[in-house]
Amino acid sequence: MEFVDAMLEDLRWFGFEWSEGPDCGGPFGPYHQSGRYPFYRAALEKLRAGNFIYPCTCSRKDIQAAVRAPHAGDDELIYPGTCRNKSDKWRVTSDGNTAGAISSPVTRHPPLRFRVPDGETISFVDGNCGEQKFVAGKDFGDFIVWRGDDVPAYQLACVVDDAAMQITEVVRGADLLVSTARQILLYRALELTPPDFFHCALMLDAQGMRLAKRHDVLSLQELRRQGATPESLRQASFVPATTK
């Protein structure tokens, strides 16, 4: 809870206000992902029933060895489809309670990937960046929706949460434009209506590198310590100190 409290405090300082969330409740709780597991499992089962997913035993090293192009636009290797056509019958159990449900992947199966429609152009109009088009199988490949430690991956979790919470607009960084194409495929497979999207320019450090979670020295708390104000950050007029 220490990190959650710090994050909420940063958001308040930045000028955000909200009427529902982990600190004040609301009609679409629970607001911690750990409490939303049944939502994710239900979505995963629907994907399995529609033959949209399959288990993947490839390591990152395997994928790097199999592909010639180094990285996709968002720094993720484009999966070559090595495990696409392998049988996945062993993933399914019939225990009498949830017949045909997916068994726990902790010890019984590897991560699960979503099968993208190769060659299809996924297009959408972004509120900031305009019309966007990405080709499945070229700009991004089959992607992980369920991790080997029995939790949903980012792509599935945010789609399920945004739909269940009736989110109408998603605002985030421009580095996630390609992820939006992936998520639109998930919305379609789950028969859900996607929200509108608005992708913002990224904040950069003094060297022109984007600020990332791994750069702890440039957290909001550190930027505040350096003298940044919410206004200067929103207007991109504050230049952070050089990082080592």
Checklist entry - Quick one: is GLU20 farther than 26 Å from ASP150 by Cα, in contact with a Pro (Cβ under 9 Å, 6 or more places away or on another chain) and loosely packed, with under 15 Cβ neighbours inside 10 Å? => result yes
Item to check | Answer from ALA6, ALA72, ALA66 - the residue that is among the small types (Gly, Ala, Ser) and at pLDDT 85 or above | outcome: ALA6
Checklist entry - When only residues in segment 1-17 that are free of Cβ contacts under 8 Å to residues at least 40 places away in the same chain and outside any helix (DSSP H, G or I) count, which is least open to solvent (accessible area, probe 1.4 Å)? => result PHE16
Item to check | Per-region count, segment 23-38, residues surrounded by 13 or more Cβ atoms within 10 Å (Cβ to Cβ) and among the hydrophobic types (A, V, I, L, M, F, W, C) | outcome: 1
Checklist entry - Somewhere in segment 81-99, is a residue within 24 Å of LEU192 (Cβ to Cβ), acidic (Asp, Glu) and modelled with pLDDT of 95 or more? => result no
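The values are calculated or read from the model by the stated rules, or taken from the named source; none is laboratory data. What you are looking at is a predicted structure, and each value in this text was computed from that prediction instead of being measured. Glycine gets a Cβ as well: all are built from the backbone with ideal geometry, and neighbour counts include every protein chain shown. For the accessible areas, the whole protein counts, side chains as well, though only heavy atoms, and no ligand, DNA or RNA atoms are used. Shrake-Rupley method; radii C 1.70, N 1.55, O 1.52, S 1.80 Å.
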